[in-house]
Amino acid sequence: MAVQSLSFQGVTTAEQVNKITTALMMLDGVDSAEVGRYGAEVEGRAKREALIKAVEKLNLRIKVS
């Protein structure tokens, strides 16, 4: 199973972390997601581009890479 890392800039609240976690877990191909203020470790077969788009769609004014 593949593990992908995302980096965040601008995440400041637990609410943002929870929203990101939910968005990632809702994607097809994501088996688990460990999300924190500075990034996420995502296990599964989802493509990196899909992970980034899911976070960007939340309009949280954060940078994802």
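Taking other residues whose beta carbon is less than 14 angstrom from the beta carbon of VAL30, and scoring Lys, Arg as +1 and Asp, Glu as -1, yields -2.
Give the relative contact order (percent, whole number) for the chain; include only Cα pairs under 8 Å separated by 6+ residues. Each step should come with its number before you reach the end.
Details: 104 pairs, mean separation 28.2, N = 65.
Across the chain, relative contact order equals 43 percent.
Inverting the pair-averaged 1/r between distinct Cα atoms of the stretch 3-64 gives 11.2 Å as its Kirkwood hydrodynamic radius. Of all the options ALA33, ALA23, ALA14, the one that moves most in a Gaussian network model of the chain with Cα springs shorter than 10 angstrom is ALA14.
For the pair LEU27 and SER65, label points projected 7 Å from Cα toward Cβ lie 1.8 nm apart. Within straight-line reach of LYS53, meaning a Cα separation under 16 Å, sit the following aspartates and glutamates at least 8 residues removed in sequence or on another chain: ASP28, GLU41.
Bear in mind that the values in this text are calculations on the coordinates, not laboratory data. What you see is a predicted model; the values in this text were computed from it and never measured. Note: ideal-geometry Cβ built from the backbone for every residue, glycine included; neighbour counts use all protein chains shown.
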